[in-house]
1. Spelling out what I want: for every residue of region 184-189, take phi, set θ = phi - 60°, compute 6.51 cos²θ - 1.76 cosθ + 1.60 (Karplus), and round to whole Hz; glycine and proline get x.
2. Please arrange H100, H153 by counting, for each residue, the other beta carbons lying within 10 Å of its beta carbon, fewest first.
3. Check each of the chymotrypsin sites (Phe, Trp or Tyr not before Pro) in region 127-197 and keep only those in coil by DSSP with at most 14 other C-beta atoms within 10 angstrom; list them in order.
4. Students often check this: by mean Cβ neighbours within 10 Å, which of 105-114, 77-86 ranks highest, and how do the rest follow?
5. Counting only complete DSSP H runs, which helices of the chain cover 24 Å or more along their long axis at the Cα atoms and score a mean Kyte-Doolittle of -1.0 or above?
6. Explain nothing, just the number: dipole magnitude of the chain about its Cα centre with +1 on each Lys and Arg Cβ and -1 on each Asp and Glu Cβ, in debye rounded to the nearest 20.
7. Count the lysine pairs in the chain that are 8 or more places apart or on different chains: how many have C-alpha atoms under 16 angstrom apart?
8. Would you please report the Å³ per residue occupied by the convex hull of the alpha carbon atoms in region 7-221?
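What follows draws every value from the coordinates through simple rules; no lab data is involved. Source: prediction; values computed, not measured. For neighbour counting, all protein chains shown are included, and Cβ atoms are generated from backbone atoms with ideal geometry for every residue, glycine included.
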Amino acid sequence: MPEKGMIKATDLFERVVHWMLAGSCILLFITGLGMMFRELNFIGSFMGGLVGLKYVHNFTGIIFIVSLILATRMWWREAGRFEFPDDLEWIKQAGGYLWHVDHVAEAGKYNAGQKMFFLTVVGCGALMGVTGLIMWFPMGLPMGLVRWMYPLHAFGFVVLFAFFFVHLYLGTIGSPGSLPAMLNGWVTRAWAKTQHPKWLKEMEAAGKLEVYGEENKEAVSH
Ligand code: HEM
């Protein structure tokens, strides 16, 4: 439950799209690994065998593509473009995660690391969608070209899978206080000040900040 004074970081639509993207992505990881490795074929036994596993994988792919399109539209403005010099400064300091930094470059709604993750999801996600669809429906394309889709699909998987664990860590124990942003949308002011200081200042200056328990904000209903 949110407490008085907490700040609204995400709206319901943003959270639904995030979990559609995350859920479909994780199910694709599991079903994909189940098809790829003989030792993991048993995953199919929960889905009516290997044919069922393939159906679940292919149709989850459609949900992933739809979520990716929605996520790209939704986050592009805040996470798809780097702002200089702050983002470059943040990258040079590795966001203060790896060594001591006196003053970490200020981030807006998303920091440079999150932007890199977002752009990787967009790029590799699109690659997974296109290569997956061509493998599913080769549409009479030359066999030599269709064959390339397999290693490219595997390459996209390796990149996404690696980034996923970094994101999972940073979204939970690595940056305490982040997870509520994607659960109920309410975060503490202290967290917002550390993680997204520029965004906090801009929202306050524009009078758009939703604060839990404050009058004249319809935020409580979300
Ligand atoms: C269960 C696993 C996951 C958890 C716990 C999680 C958690 C979070 C949290 C807490 C945020 C907000 C961070 C902030 O506002 O500072 C976030 C944002 C985001 N998540 Fe996830 N997430 C998960 C899985 C995924 C997956 C699988 C994807 C993509 C395939 C994904 C894509 C994103 C993107 C693009 C953002 C916004 C930009 C960014 O933070 O990089 N998430 N996630």
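1. Whole-Hz 3J(HN,Hα) from phi for region 184-189: 10, x, 9, 10, 7, 5.
2. Fewest to most other Cβ atoms nearby, the residues stand as H100, H153.
3. When the chymotrypsin sites (Phe, Trp or Tyr not before Pro) of region 127-197 are filtered for loop state and at most 14 Cβ neighbours within 10 Å, nothing remains.
4. Taking the mean over residues of other Cβ atoms within 10 Å, the ranking is 105-114, 77-86.
5. 12-36, 50-79, 112-136, 143-171
6. 560
7. 17
8. 161
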